[in-house]
Structures are given as C-alpha cells and as structure tokens.
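Just so it is clear, none of the values below were taken in a lab; they were calculated from the coordinates. The structure displayed is predicted, hence computed values, not measured ones. Note that each Cβ is placed from the backbone with ideal geometry, even for glycine, and that neighbours are counted across all protein chains shown.
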C-alpha cells in the first residue's frame, strides 16, 4: 500500500474554502458599506470576511503550485477533472433552480450554464485552468532560474500585481498574473525546502502580521475616512486581491499547516470536495438570491451574536455542499463500476 498523504495541507484547503464561503456571506448579502460606524465590530467583521476570501484564493493556488512543482508535463487528469466538475455543477444547478422556480427559464441561461468556462460564469475558474495549463512551463522556468533571476522574477510579479495597485498606479495586474504569483510561491517552497525551513520560524509571525494588519487597516480607515470625507470603500483597499496582506496571511498559514504531523483519511476525503463548495455556492444562478433570501448578512447586523450566526450559516452551506459532492462522486463510481 502507498503512503497516505499528510493531512495538514488538506485541512488548510478546507479552512481556505470555509474562508471563501465567509467572503460570499459578507459580499453577497444586503448589507452595504457606509461611513456609519454604529456597530463597528460587526462592520469590521463583514469587511474582514473579504480578506478571508482573498487569503483562501491565495492558499488554493499556492497548494496547487506546491503539489505540481515536481511535474514536467501537464496534469491532464487534474485539468479534465476540474473542467468536468465545473460543467456538471454549472448546468445541473441551473436546471435545479429553474425547476424550483428560483430562476426563470431562458435559452441564454441554458447556454451560459452549458458553457460556463467560455462565458466566465466563475471568475476563479479561467485563470486557475490557465495556471494548470502553464504549470509545466512555470516549473521549468522556476527551476532554471539563478538566485538573482529568481529574485527579479518575484520582485517584478510583486510590483505588478501588488505594489503598484496598492498605490493606485496604473498597472497590468490581472487575476492570471496574481495566480501565477501564488502558484510560483507554492512551487518555490517545494523546490527549496531550505527556504521553507528558514521561513518556518516566522510562520506564526507572518500569520499574525497578515491578519493583524488587515484588521488594523480596516478599523483605522473606517474611523478616518468619514472624517476626511473619503469614500467608505477605501477602507477595503489594503485587503483586496491585489494587495500584499492576503499573501502574508496565506504564506503564514501554509507554513503552519504544511508541517503538521497529522494523517486523517476523513480530512483527505473531505478535502477532495472542497472545490465543489465553491462551484455550488458561488454558482451565478444561486448566489444572487441565496445570500439575500436565505442567509442574509443584514438580518443580524444589529445584534451582538451576528458573528456566531455567520459562522453557523456558512458551516451549514459548507457541510451541505461537501455532502452533495461526496454523493455525486459516489454515484460516479457506481456508474463507472457498472459499465466496466
């Protein structure tokens, strides 16, 4: 029997997806960001959920880079599995919500659901698939770099994707560029175990710094922007996708979990369904109404237990989606077994 995969990174994959679900709860509900700081703790938490989501995105791609770093050819099997899952959940979810009356039937809706990748029904999928396609080239490039070339490579990516957007400068930053950066960080940690070991001493510090600075920036800007007359959206500036703080938090968490000496069949099994949580809950035919009609973040905004309710609601979504995907995978295996 082969050695079972360590579960630390798989547990992190699950936590990353839970953070992404929290960001959907915070971003798709009826609550809107305003200068009003009456319920400041709840306000900061809803804003912080967007940081959780960006950290989760970064971790997901970073893990991919870590595991694909040793491959010199495209992971065709993994690529096709992602494509198949995206197409399955896009179309079947559309059929279900139309049948239940949540969404009106339309030819356009059917076509979009049949071709979800071409029509970018999920923002994450297209750049993620492109990174999978580019992974052999990225791996060879990273391996061929000298130390000096490697430093310039990461400095250039960081400048384009994170530093220039942070100071409102015009840049060519993009989701694909950000994903290439995340992938490269994960791959580099696999290539250079001495670097990972060196950074390991800072794992807690990086995690605390990433999340601490995110909270501090939100809180400070929430207080300052109304006084200075700036737009309330400025308070989210340092926690977005094109910011250094999500990478700091993600790197700290990755270093913490990658060295966890735990092996769990259950964790590894659940982690196989993590991506499906995104495909189901962030389906474009689901999230526009679900997070406003079922679990709306504004319902408990003026209560002291909003954070607890948010965690419970997201846990329900998380567990439900994983259960659906596990049943789907089980059905797949039964069908494949009968057609052998």
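For the chain, the relative contact order comes to 33 percent (Cα pairs under 8 Å, sequence separation of at least 6). Put simply, when 36-46, 324-334, 57-67 are sorted by average Cβ atoms within 10 angstrom per residue, most first, you get 57-67, 36-46, 324-334.
With all pairs of different C-alpha atoms in the average, the Kirkwood value for the hydrodynamic radius of the stretch 163-231 is 15.2 Å. Of the peptides 107-120, 185-198, the order by per-residue mean of other Cβ atoms within 10 Å, starting with the highest, comes out as 185-198, 107-120.
Estimated from helical segments only, the mean residue ellipticity of the chain at 222 nm is -23000 deg cm²/dmol, where each DSSP H run of four or more residues counts as -39500 (n - 2.57).
Considering the convex hull of the alpha carbon atoms of the stretch 71-129, report its projected area averaged over all viewing directions, in nm², one decimal.
4.4
According to the calculation over all Cα-Cα pairs in the chain, the P(r) per 10 Å bin from zero is 5, 22, 34, 26, 11, 2, 0 %. Taking 0.36 nm per residue of separation and subtracting the current Cα-Cα distance, fully stretching the chain between residue 259 and residue 215 would add 13.2 nm. Stretched out straight at 0.36 nm per residue, the stretch from residue 147 to residue 36 would grow longer than its current Cα-Cα span by 35.0 nm.
Once the C-beta distance of residue 140 and residue 80 is scaled by a Förster radius of 22 Å, the resulting FRET efficiency is 0.50 to the nearest 0.05.
Ranked by the mean number of other Cβ atoms within 10 Å per residue, highest first, peptides 260-267, 287-294, 316-323, 20-27 order as 20-27, 316-323, 287-294, 260-267.
Taking 0.36 nm per residue of separation and subtracting the current Cα-Cα distance, fully stretching the chain between residue 108 and residue 87 would add 6.0 nm. Between residue 99 and residue 331, the simple label model (points 7 Å from Cα in the Cβ direction) yields a spacing of 0.9 nm.
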